[in-house]
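> Mind having a look at this structure? Questions to follow.
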Amino acid sequence: MNRQDVIKFLRNKTGYLKKGNQWIADKLSIDLSLATECKKEVAADTYKKCKNSAQEFTNENINEINDNGFKQHLSQIGLKLEDVKSVKFWQTSKGDSRYSVVPLNQWHELDSEKNAFLDAVKHKSPKVSKYSYKPKTSASLGVLSLPDIHYGKITVEGPEAIEEHYMDIVMELWEKSKGSNIEQLLMPIGNDGMNSEGLSKATTAGTPQDDYMGWRQSFRGYWQLMDTAITWLSKKVPVKVVIVQGNHDFERMFYIGELLESRYANNPNIEVDNSLNERKYYQYGSNMFLNFHGDKVKRQNIPLLMATEEPIMWSTTKFREALVGHIHKELVDEIMGTKVRHIPSICGNDEWHKGRAYVGTQRVGQMHIYHFDRGYEGMFQVNVLD
């Protein structure tokens, strides 16, 4: 093959650009120097085309986007053209249009309105007396973490399925574990609790998502689902809620935390940790816990990170665990005596995951039990049947 033949071939087979130069040379039976030169040229052309296909519009020239798809997208997310600060427009490989919209007024820009709203929530917060829980001997902590439910994501089950699965699993796990002398419940929520940041219908980093409901519906539906589960559990045992921000819902989970913290302002049976720290620590007797999503820190660095960020807690505990989500499957690794426990997800697959053959992950909910002095003592599990 000559140079033009190789370039034409690579333009038609752009997937080969992900391969190494030597691999291409062997595949096409050409010299390594020719493979290197042609791949570099085609890759540069491909990058320019992709870059040119993505357009950034500000509010000044937003009217240049006149297609009905964009108008329909604005209607779905409840915005008008004058509400838009900027929008990024691009097309998928199939030719489908995608938009990432930044509104003029976001929550963090409306501090006075936000504070007034939260004060109103606190004022209307139901006044609940402290429940009288039965004292426990040889007490333990229950950790009920159901991460990565991706509320709002399109799955073959339909929009109501995740709510039914969530509540069924919460109640069944409690029934299975209530004989374990649980005196307190640690309940991390979030961890990609919602599928997108809302208005943009994309992850925090901007990756487009297919949601089956609008951003208002998903926000309201998710916090009400959490409220139902937390309130139900608080009648059985004191609940410590930990807000964990994920890579799909980093901003919105903070807002969820603000709302729930205000809602339980008059409920002494529920405590919410919505602190500004992305990684949140908790100590129970001889046990140290780190709760975070797990997408930004290499696993082998977690023990040193825990010891550095919380040296006193580290020195006064014997059993140390990082509880993370993100990968949607169960995985336990022990690094220098510290366990990194990836908690599985109950979320169903979407078309993207199916298309890439991510179909083998078992959907399960788990309750983990930690003795006050002896550390980890096992877990209870409920499987989701497809």
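What follows is calculated from the coordinates using simple rules that are stated; it is not laboratory data. Not measured: the values here are computed from a predicted model. As a convention, Cβ positions derive from the backbone with ideal geometry for all residues, glycine included, and neighbour counts pool all protein chains shown.
> How do Ile346, Ile335 line up, fewest other C-beta atoms within 10 Å first?
Working: Ile346 24, Ile335 14.
If I rank by nearby Cβ atoms, fewest first, I get Ile335, Ile346.
> Please give, to one decimal in nm, the separation of the simple spin-label points placed at Ala139 and Lys296, each 7 Å out from Cα toward the Cβ.
3.3
> Taking the highest mean first, how do the peptides 221-234, 158-171 order by number of other beta carbon atoms within 10 angstrom per residue? Please report the intermediate quantities before stating the final value.
Numbers: 221-234: 18.9, 158-171: 16.8.
By packing density, highest mean first, the sequence is 221-234, 158-171.
> Considering the Cα positions of the stretch 109-383, please state its Rg to one decimal place and its Dmax as a whole number of Å.
18.2, 51
> List the aspartates and glutamates whose Cα lies under 18 Å from the Cα of Lys201, skipping any in the same chain that are fewer than 8 positions away.
Correct list for Lys201: Glu56, Asp83, Asp96, Asp148, Asp192, Asp210, Asp211, Asp249, Glu251, Asp350, Glu351.
> Sticking with this structure for a sec: Out of all DSSP beta bridges in the stretch 109-383, what portion is antiparallel? Express it as a percent rounded to 5.
Numbers: 26 of 50 bridges.
In the stretch 109-383, approximately 50 percent of DSSP beta bridges are antiparallel ones.
> With a Förster radius of 45 Å, plug the Cβ-Cβ distance of Arg11 and Met336 into 1/(1 + (r/R0)^6) and report the FRET value to the nearest 0.05.
Values: r = 49 Å, r/R0 = 1.10.
With a Förster radius of 45 Å, E is 0.35.
> What is the packing order of peptides 317-324, 336-343, taking the mean over residues of other C-beta atoms within 10 Å and listing the highest first? Each step should come with its number before you reach the end.
Working: 317-324: 21.6, 336-343: 18.2.
Top to bottom by mean Cβ count within 10 Å: 317-324, 336-343.
> To continue, here is another question. Give me the distance in nm between label points sitting 7 Å out from Cα along the Cα-to-Cβ direction at Thr316 and Lys40, one decimal.
6.0
> Given a cut-off of under 8 Å on Cα pairs at least six residues apart, what relative contact order in percent is computed for the stretch 240-321?
Working: 90 pairs, mean separation 24.0, N = 82.
About 29 percent, as a whole number.
> On to the next question. Quick one: putting +1 on the C-beta of Lys and Arg, -1 on the C-beta of Asp and Glu, what dipole do you get for the stretch 218-345 around its Cα centre, in Debye to the nearest 20? Don't jump to the answer; show the numbers that get you there.
Numbers: 16 positive and 15 negative charges, 59 e Å.
Result for the stretch 218-345 is approximately 280 debye, rounded to the nearest 20.
> Based on the Cβ-Cβ distance of Trp232 and Lys114, what FRET efficiency does E = 1/(1 + (r/R0)^6) give at R0 = 41 Å, to the nearest 0.05? Before the final figure, lay out the partial values.
Working: r = 28 Å, r/R0 = 0.68.
That gives a FRET efficiency of 0.90.
> Among Phe289, Ala265, Leu305, whose Cα projects farthest towards the positive end of the dipole of the stretch 229-333, with charges put on the beta-carbon of Lys, Arg (+1) and Asp, Glu (-1)?
Phe289
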